[in-house]
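Novice: If you scroll down you'll find the structure; I have some questions about it.
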Amino acid sequence: MKPLNGTPVLTVSFPPHAHCGRTFKLDALETILALLPAAAFAVWHYQMLAVRVLALSCFTAVIAESLCLYVMKREVEADNYTALLYGLLFGFLVPPAAPWWLVTVGSFISVFIGRMIFGGLGSNPLCVPLVGWAVLTVSWPELMDFDMTMLASELTYPLSQLKNFGPETLDEYSLKSLLLGFQLGGTGAAQAGAVMLGGIYLLARRIVRPDIPLAFMTGVAMTAAIYFFIEPLEYASPEYHLLCGSTLFGAFFLATDGPSSPAGHIPMLIYGFIGGSLVVIIRVYGIYPDGVPFAILLANLMTPLVDKLKPGPFGGVTNIHLRRRS
């Protein structure tokens, strides 16, 4: 409906809509800050391998977004740091010894296919870094295999040990060692303790709401507990499923991606619980040791349906990702 005087009275942009003075730039900066402890732990464990992967992934993501916006004849938005954030998130998922071209291709695909094709900021139906990760995992599985790419490392991949040799192999991993990141996995995603600190920071700053992370971890823990109760000698206990691989990283930083996750309180809880349950199901029955990325992608596909369970009234106050007043 056109306004009577010919000038717009209301402009509605792409979701998610930030309220209460929050900006995407500030949220992206605070999320990057929350990721720094895990990045530091990654550098501690993998030295220059981690620096190379994270720097290359971030650089490629920013360049990819800028090129796409230039071709689309839109203003370059690299200064809002969202592309930098997605590049860092993608770098957290790939092996530290991944070849440079693999990191470059994956980061570019994440931004180009996962984000820009759908219109750019706030339009992606899937978690952006997981799109590039999925393409690489399906196309070059041997190069995305942590055991094969990290043969020179003294660390081992607990989820692979669990898949191939059973839960008794997890006895060599203490909960303390897992929290300190003494396990193979994504460059930063496997730094469980540091990722948890970053997640707590996001919750304290109200960058994300606790609904999805808590529901996600509850889904992982409850589903793992059911399997463990049925056959404790065949399935791992819930605490190992929570601390091994990228579970905590997925709960705090991937499943909570604004455009690809639900808006309402109840849909958030359902979405998070389903995603967490799928993690354990994929780990038990699937061919991929760590089911977190695929579980979140599947949950993303269910977001439009889950969001209809309790839609908010048009123009009313909803529970969309709570933003801190500046």
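The values are calculated or read from the model by the stated rules, or taken from the named source; none is laboratory data. Remember, predicted model here, so these are calculated numbers, not experimental data. Here the Cβ positions follow ideal geometry from the backbone for every residue, glycine too, while neighbour counts run over all protein chains shown. Areas reflect the complete protein model, heavy atoms only, side chains present, ligands, DNA and RNA absent. Shrake-Rupley method; radii C 1.70, N 1.55, O 1.52, S 1.80 Å.
Novice: Would you pick out the residues in the range 83-96 that are open to solvent by less than 10 Å² (accessible area, probe 1.4 Å) and not in a loop (DSSP other than H, G, I, E, B)?
Specialist: Once the filter is applied, which keeps residues that are open to solvent by less than 10 Å² (accessible area, probe 1.4 Å) and not in a loop (DSSP other than H, G, I, E, B), the range 83-96 yields A83, G87, L89, F90, G91, F92, L93.
Novice: With the requirement that a residue be surrounded by fewer than 22 Cβ atoms within 10 Å (Cβ to Cβ) and more than 13 Å from the chain's Cα centre (by Cα), what does the range 278-297 give you?
Specialist: Once the filter is applied, which keeps residues that are surrounded by fewer than 22 Cβ atoms within 10 Å (Cβ to Cβ) and more than 13 Å from the chain's Cα centre (by Cα), the range 278-297 yields I281, I282, V284, Y285, G286, I287, Y288, P289.
Novice: Any residue at all in the range 87-110 that's in contact with a helix residue (DSSP H, G or I) (Cβ under 8 Å, 6 or more places away or on another chain) and over 30 Å from A152 (Cα atoms)?
Specialist: No; the residues of the range 87-110 include none that is in contact with a helix residue (DSSP H, G or I) (Cβ under 8 Å, 6 or more places away or on another chain) and over 30 Å from A152 (Cα atoms).
Novice: To continue, here is another question. Six or more apart or on different chains, Cβ atoms under 8 Å: show the pairs whose first residue is in the range 151-166 and free of Cβ contacts under 8 Å to residues at least 12 places away in the same chain and whose second is buried (at least 16 other Cβ atoms within 10 Å of the Cβ) and of a type in the set (S, T, Y).
Specialist: Sorted first by the residue in the range 151-166, then by its partner, the pairs are Q161/T169.
Novice: Hey, among L269, L254, which residue is open to solvent by 20 Å² or more (accessible area, probe 1.4 Å), in contact (Cβ under 8 Å) with a residue 40 or more places away in the chain, touching a helix residue (DSSP H, G or I) at 6+ places or on another chain (Cβ under 9 Å) and not small (G, A, S)?
Specialist: Among L269, L254, only L269 is open to solvent by 20 Å² or more (accessible area, probe 1.4 Å), in contact (Cβ under 8 Å) with a residue 40 or more places away in the chain, touching a helix residue (DSSP H, G or I) at 6+ places or on another chain (Cβ under 9 Å) and not small (G, A, S).
Novice: If you don't mind, there's one more thing I want to ask. If you go through the range 133-187, how many residues are assigned to a helix (DSSP H, G or I), polar (S, T, N, Q), open to solvent by 20 Å² or more (accessible area, probe 1.4 Å) and over 21 Å from G87 (Cβ atoms)?
Specialist: 4
Novice: Of the conditions (1) crowded, with 17+ Cβ neighbours inside 10 Å; (2) within 21 Å of L67 (Cα to Cα), F118 satisfies every one except a single condition; which number is it?
Specialist: Failing condition for F118: (1).
Novice: Could you please tell me which pairs satisfy a Cβ distance under 8 Å, a separation of 6+ or placement on different chains, a first residue in the range 292-310 that is farther than 23 Å from Y240 by Cβ and at pLDDT below 95, and a second residue that is in a helix (DSSP H, G or I) and open to solvent by 10 Å² or more (accessible area, probe 1.4 Å)?
Specialist: From the range 292-310, the pairs are M302/I274; V306/I270; V306/I274; L309/I266; L309/I270; K310/H265; K310/I266.
Novice: A further question on this structure: In the set V105, V111, which member is in contact (Cβ under 8 Å) with a residue 24 or more places away in the chain, among the β-branched types (V, I, T) and either open to solvent by less than 40 Å² (accessible area, probe 1.4 Å) or in contact with a strand residue (DSSP E or B) (Cβ under 7 Å, 6 or more places away or on another chain) (or both)?
Specialist: V111
Novice: Taking A190 and the conditions (1) surrounded by 24 or more Cβ atoms within 10 Å (Cβ to Cβ); (2) at pLDDT 95 or above, which numbered condition does it fall short on, given that it satisfies the others?
Specialist: Here A190 meets the rest and fails (2).
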